[in-house]
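What follows is a short report on a single structure.
The values are calculated or read from the model by the stated rules, or taken from the named source; none is laboratory data. Predicted model only: the values in this text are computed from it and were never measured. A quick note on method: Cβ atoms are made from the backbone with ideal geometry, for glycine too, and the neighbour counts reach across all protein chains shown.
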Amino acid sequence: MAYSERELLARLIQCEAGGEGDIGMKAVASVVMNRVHYPVGEYARVGQGSIRDIIMQPGQFACASTVENGRYNPQNIYNMNPTEEHFAIADWAIAGNRLPGLGDSLWFYNPFNANCRQTFPSDVGYYIGKYQAHCFYNPTDLYEFT
């Protein structure tokens, strides 16, 4: 993939939260960068400080995959055309900024309803809040052992 890490992050921001305004997009960017810099657990081993490795880790972001559940996924980073807004949010996150109240959030998902699960993806993450359509989760102490 020839995209720079900056462009890859901008494309993911647009794909995952492009319709959710600045708050929703900054929340998604915060999660990605939290994963990039998290000092222990799976993301520390997989990412090793790389935005590309975090985004392209299999099974993490639906938008990083062209196939979901055996079918073509048209909502993917390769079909995105990020604007200056998406690049500005990517730059904001790369510079070390995070959305207040998000803490060390490492996961988000869209439940497609008003309710968020209390743990995600299992007992290694606990619910901290909902921003726009996505539920966000901080790691528990168990995450260190993933």
Given (1) free of Cβ contacts under 8 Å to residues at least 60 places away in the same chain; (2) closer than 17 Å to MET25 by Cβ, number of the condition GLN75 does not satisfy: (1)
State which residue pairs qualify: first residue touching a residue at least 12 places away in the same chain (Cβ under 8 Å) and farther than 15 Å from ALA133 by Cβ and inside the range 102-120, second residue of a type in the set (Lys, Arg) and not in a loop (DSSP other than H, G, I, E, B) in any location, beta carbons under 8 Å apart, and separation of 6 or more residues or different chains. LEU106/ARG35
Counting only residues that are over 14 Å from the mean Cα position of the chain (by Cα) and more than 18 Å from CYS135 (Cβ to Cβ), which one in the range 7-23 is surrounded by the most Cβ atoms within 10 Å (Cβ to Cβ)? GLU7
Just to verify a result, which residue in the range 131-146, among those that are over 24 Å from ARG11 (Cβ atoms) and not β-branched (Val, Ile, Thr), is surrounded by the fewest Cβ atoms within 10 Å (Cβ to Cβ)? ASP141
I'm told ALA44 meets every condition in (1) outside any helix (DSSP H, G or I); (2) free of Cβ contacts under 8 Å to residues at least 12 places away in the same chain; (3) closer than 26 Å to LEU142 by Cα except one. Can you identify the failing condition by its number? (1)
Of the listed residues (GLY59, GLY47), the one being at pLDDT below 95 and on the phi > 0 side of the Ramachandran plot is GLY59
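Quick grid of which residues meet (1) among the polar types (S, T, N, Q); (2) within 23 Å of ARG52 (Cβ to Cβ); (3) buried (at least 16 other Cβ atoms within 10 Å of the Cβ):
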| site | (1), (2), (3) |
| --- | --- |
| ASN79 | yes, yes, no |
| THR83 | yes, yes, no |
| PHE87 | no, yes, yes |
| ASN97 | yes, yes, no |
| LEU102 | no, yes, yes |
| TRP107 | no, yes, yes |
| PHE112 | no, no, no |
| THR119 | yes, no, no |
Under the condition of being assigned to a strand (DSSP E or B) and out of contact with any Ser or Thr (no Cβ under 8 Å at 6 or more places or on another chain), which residue from the range 56-77 is surrounded by the most Cβ atoms within 10 Å (Cβ to Cβ)? GLU68
If we ask which residues in the range 6-41 are under 19 Å from ASN79 (Cβ atoms), charged (D, E, K, R) and part of a helix (DSSP H, G or I), their number turns out to be 4
